[in-house]
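J.: Below are the structure tokens for one structure; questions will follow.
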Amino acid sequence: MLENCKSALERWGGVHQLIDRWLDQRRDLLVNLIELKEISDVELEAVTKERIDAFSELLMDYISAGHFEAYPQLREEARAFEDDAALTLADSLLARLENSTALMLDFDDEYASPGRVRQNLVRLPAWLERLAHGLSERFDLEDKLIGRVHARHAPDAARAELRSEL
């Protein structure tokens, strides 16, 4: 999954600062997920509320940046290029992202207080597995959205399209 993150950053990095920052957040989120999973697999009792809070904050920041910054920006770009197919795809993909968003919000809720952390700590490894799976699916959908909008509207793609029409 981390390798896919690097690949997406290489493909779309530099296209837009917002997308770059968002992909950086994605990488940080993945690194923290992997670290938290490793700690919980080795010594579950060593996982602190502060550690879970730090991970959960990254998780919430990432989905917020997507919902309130990146997705609207991508839709606006498709609208600016009058790309109805990209807008239709965006609507479809965004609807599919709701499942992983709900999963992430549930995780945040599940570990919101010290008492809940103590009560639910034994389930943390299973939660992290579900989150890893949900994030993997989410990243695939987001990559399709980024790729569709930017692949279609990148200056090099436009020049290649123009040459093929001549």
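Yes or no, residue by residue, for (1) over 13 Å from the mean Cα position of the chain (by Cα); (2) open to solvent by 60 Å² or more (accessible area, probe 1.4 Å); (3) among the β-branched types (Val, Ile, Thr):
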site: 22; (1), (2), (3): no, no, no
site: 35; (1), (2), (3): yes, yes, no
site: 38; (1), (2), (3): yes, yes, no
site: 44; (1), (2), (3): yes, no, no
site: 56; (1), (2), (3): yes, no, no
site: 67; (1), (2), (3): no, no, no
site: 72; (1), (2), (3): yes, no, no
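J.: From the list 82, 76, 129, pick out the single residue that is in a helix (DSSP H, G or I) and more than 23 Å from residue 46 (Cβ to Cβ).
T.: After ruling out the rest, the residue left standing is 76.
J.: Out of 112, 95, 90, 85, I need the residue that is small (Gly, Ala, Ser) and within 28 Å of residue 37 (Cα to Cα). Which one? Give the steps one after another, and end with the answer.
T.: Values: 95 fails: within 28 Å of residue 37 (Cα to Cα); 90 fails: within 28 Å of residue 37 (Cα to Cα); 85 fails: within 28 Å of residue 37 (Cα to Cα).
Of 112, 95, 90, 85, the one residue that is small (Gly, Ala, Ser) and within 28 Å of residue 37 (Cα to Cα) is 112.
J.: In this structure, does residue 79 turn out to be basic (Lys, Arg) and under 21 Å from residue 148 (Cα atoms)?
T.: Yes: the conditions hold for residue 79.
J.: Moving on to the next point. Which condition number in (1) basic (Lys, Arg); (2) in contact with a Cys (Cβ under 9 Å, 6 or more places away or on another chain); (3) closer than 20 Å to residue 94 by Cα is the one that residue 75 fails?
T.: Among (1) basic (Lys, Arg); (2) in contact with a Cys (Cβ under 9 Å, 6 or more places away or on another chain); (3) closer than 20 Å to residue 94 by Cα, residue 75 violates only (2).
J.: Now for a different question. Test residue 123 against the stated conditions and say whether it is free of Cβ contacts under 8 Å to residues at least 24 places away in the same chain, closer than 12 Å to residue 145 by Cβ, part of a helix (DSSP H, G or I) and not small (Gly, Ala, Ser). Full working, then the answer.
T.: On the way: free of Cβ contacts under 8 Å to residues at least 24 places away in the same chain: yes; closer than 12 Å to residue 145 by Cβ: no; part of a helix (DSSP H, G or I): yes; not small (Gly, Ala, Ser): yes.
Here the answer is no, as residue 123 does not meet what is asked.
J.: In region 80-93, which residues are without any contact (Cβ under 8 Å) to a residue 24 or more places away in the chain and either touching a Cys at 6+ places or on another chain (Cβ under 9 Å) or surrounded by 14 or more Cβ atoms within 10 Å (Cβ to Cβ) (or both)?
T.: Of everything in region 80-93, just one residue is without any contact (Cβ under 8 Å) to a residue 24 or more places away in the chain and either touching a Cys at 6+ places or on another chain (Cβ under 9 Å) or surrounded by 14 or more Cβ atoms within 10 Å (Cβ to Cβ) (or both), namely 87.
J.: Would you check if residue 145 is modelled with pLDDT under 90 and loosely packed, with under 14 Cβ neighbours inside 10 Å?
T.: no
The values are calculated or read from the model by the stated rules, or taken from the named source; none is laboratory data. Since the model is a prediction, treat every value here as computed from it, not as a measurement. In this analysis, Cβ positions are derived from the backbone assuming ideal geometry, glycine residues included, and neighbour counts consider all displayed protein chains. Only protein heavy atoms, including side chains, enter the accessible area calculation; ligands, DNA and RNA are left aside. Shrake-Rupley method; radii C 1.70, N 1.55, O 1.52, S 1.80 Å.
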